[in-house]
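What follows is a single structure, written as structure tokens, with notes after it.
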Amino acid sequence: MNKITLLALIIPTIVGALAFFPVNNDKEAFHTEVELTYFKSRNLALSDIKSPEGLLLLPIDSSVLFPTGKVCGGCHGRDPNNHALVSTSGVDVNIYDDWRSTMMANSAKDPFWRAKVSHEILVNPTHSLELQDKCTSCHAPAGHYQAKLHNHQQFYTLADVVADTLGLDGVNCQMCHAQAPEKIGNLFSGELNFDTTKIRVAYGPYEMAFVPPMQQFIGITPKFGEHIQDAGVCAGCHTLITKTVDFNGDFTGNTFVEQATYHEWLNSRYDEDHDNITCQGCHIPSLEDEIIIAANYQFLTPKYPFGLHEMAGANVPMLELLRDNRQQLGINALPEHFDSTIAATVRMLQQKTLDLTVTPGVVHGDSLHFEVQLINKAGHKFPSGYPARRAWIELEVKNQSGQTIFHSGRMNADRTLADEDANFEPHYNTINNQAQVQIYELVPGDVNGVFTSVLERGDTGLKDNRLVPQGFYRSDAAYDTTRIIGGALQDPDFNHDIAGTEGSGSDIVHYVLPTQGYTGTLTVTARVWYQSLPPKWLMPMFAYSSPEIDAFKAMFESAENAPVLIAQQVLADLSVSPVASHETAKQTGIRVFPTLCMDGKVQVVSTVLPVQRVEILDAAGNTLKIIESATSITLPSAAGVYYLNIILTNRRHVVQKIVRF
């Protein structure tokens, strides 16, 4: 019997057996009716069902590409049973509550952003629709891209945002988790690429995704996506290049890099070709605990590491303003949620931003020498992002009676800087007058080369001495959007270590203070302040009036708006003793070399007067050794900073800094 004949006899028998023993082909329900009733009652209790946001807690129409964060909060919010989204130490780490008090969640409700868009429109009214459409692409992306991709709407405006639940949801869950892996890192200025062509998906970091709950309740399929931890997910909005207009509102054909945080990261030691510490590594820090990531599912396998959705940035004053105006702005996050986000933001600024070191140089004679070194620890420039943000050094020196004898970087009661130049303060390598202040900032200039706070009028950078990240090089491919501009380019200490090697991510400011014959002790205090909304950026906007500008102005003027103290160091009881006035080596014909050495051997050559003696001082100004009539000096064996006090006559001497490494 051949195979064909055998199959002809067997198949009818199998079919008949199946008919005799019927099979239940109905799809098995994942949840019982009791469970579904419970989930529905819990979801509807989360908000007023009459509100648009409440309606979105009902089964989601597949036409809604980017449901609100509150929908996700049904499972990824606080677990009333304290089982899911709780760390091993019992801390609630639920995603929804962490997210909803961040700047990301409130980007569309941010009153400064609304006021600034209104300001730009009032300055250039013929560009109104294009301006609003560009700005909403990052500040209200869920509504913007829902309107574009589904409704084929040409422009998405502020009026659309305030009437749209999706628009008001800011940068919600799907704005990150629905981004497609294609084009990651290659899009900018609000251009985002979402995976919405076949099924609605949510990419996550876990390879074994449990699909049924998300599919049943919100119609989204969770899917592993390695790219969700790629810094390129942030690139589309955190790189913004604007088109330049002149004072007539006409486009010049030029462009201006308004912000390039992602490109700054590319030009750093943290990029994927080096340390590979992405944006998420700092702003969504990993918790190594095993975490159940969804409530109401006791059987779920714990996941680790778990990304804390703190999303801490640097804008403490705005978070405080949002917290204090919650009802007026329609924000559902509670004060305690904002307090948690503010605390995380302060930790980010004070612990992960920069290192401050104050080193005293020579403190004898008619002048005092101090070095203030800052080392950037961020993965991008500091400050970064919106160009108003700036940091500055305050150096205050008091005598033993507590009187201030030198004060650079003084702040007025209205949060302006007392000694800042009208247009902008230049970059300094040496500060010898308290009217000089080191401010780290990006200064946009208009077509006339004058500072402007109108983003569309940005034509060129007048100054950019923001602290660059470690591993930053002018030869890097990303340097075209991350340039150093102005005096910092000529500063030998800016982004160079003591050996002159580029890429240190640091800066040293040299302070030279006249003693005016003072003898005694001093207290030197160095502080670094960070300010997200300097008054000089707001005053031009407050000269205009619109509902958005007027509303923000009222909130701003009733808020504290204090800058954040990033770092501080105090040198107390520093002794000052009088000796004769010293001059520079160049003025007296003294040559000292090398000033950077490994073996500690230094030559002192005088072409005018003979050298009577050389005093070797340490960085604190203490005399370590005195050498008579010497031209060959050997430094102590320890690496560090030393000063040679070269005595020419009883009334003349010179001081030279030497670094042994």
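The values are calculated or read from the model by the stated rules, or taken from the named source; none is laboratory data. From a predicted model like this one, the values you see are computed outputs, not experimental measurements. Here the Cβ positions follow ideal geometry from the backbone for every residue, glycine too, while neighbour counts run over all protein chains shown. The area values use the complete protein model at the heavy-atom level, side chains included, leaving out ligands, DNA and RNA. Shrake-Rupley method; radii C 1.70, N 1.55, O 1.52, S 1.80 Å.
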Q: Would you mind stating whether SER268 is crowded, with 19+ Cβ neighbours inside 10 Å and of a type outside the set (A, V, I, L, M, F, W, C)?
A: yes
Q | Pairs, first in contact (Cβ under 8 Å) with a residue 40 or more places away in the chain and open to solvent by 20 Å² or more (accessible area, probe 1.4 Å) in region 629-649, second in a strand (DSSP E or B) and hydrophobic (A, V, I, L, M, F, W, C), C-beta under 8 Å, six or more apart | A | VAL641/ILE658; VAL641/VAL659
Q: Looking for whichever is modelled with pLDDT of 80 or more, among the small types (Gly, Ala, Ser), exposed (fewer than 12 other Cβ atoms within 10 Å of the Cβ) and in contact with a strand residue (DSSP E or B) (Cβ under 8 Å, 6 or more places away or on another chain) here; the options are ALA567, ALA572. Which one fits?
A: ALA572
Q: Restricting attention to strands (runs of 3 or more DSSP E) lying wholly within region 329-405, give those where 3 or more residues are open to solvent by less than 10 Å² (accessible area, probe 1.4 Å) and in contact with a Gly (Cβ under 9 Å, 6 or more places away or on another chain).
A: 367-376, 390-399
Q) Considering region 177-186 alone, what residues qualify as being open to solvent by 40 Å² or more (accessible area, probe 1.4 Å) and in contact (Cβ under 8 Å) with a residue 40 or more places away in the chain? A) HIS177, PRO181, ASN186
**Q.** Residues (more than 27 Å from ILE375 (Cα to Cα) and assigned to a loop (DSSP other than H, G, I, E, B)) located in region 451-469
**A.** THR452, SER453, VAL454, GLY458, ASP459
**Q.** From GLU320, GLU264, GLU290, residue being more than 26 Å from the chain's Cα centre (by Cα) and acidic (Asp, Glu)
**A.** GLU290
Q | VAL123 being at negative phi and either surrounded by 23 or more Cβ atoms within 10 Å (Cβ to Cβ) or within 24 Å of the chain's Cα centre (by Cα) (or both) | A | no
Q: Could you tell me whether region 518-537 includes any residue that is polar (S, T, N, Q), within 25 Å of the chain's Cα centre (by Cα) and surrounded by fewer than 20 Cβ atoms within 10 Å (Cβ to Cβ)?
A: no
Q.
Given the criteria surrounded by 16 or more Cβ atoms within 10 Å (Cβ to Cβ) and either more than 23 Å from the chain's Cα centre (by Cα) or of a type in the set (Asp, Glu) (or both), does MET555 qualify?
A. yes
Q.
Out of the residues in region 452-473 meeting the condition of being open to solvent by 40 Å² or more (accessible area, probe 1.4 Å) and over 21 Å from the mean Cα position of the chain (by Cα), tell me which one is farthest from GLY249 (Cα to Cα).
A. THR460
(Q) Anything in region 428-450 that is assigned to a strand (DSSP E or B) and open to solvent by 40 Å² or more (accessible area, probe 1.4 Å)? List them, or say none. (A) THR430
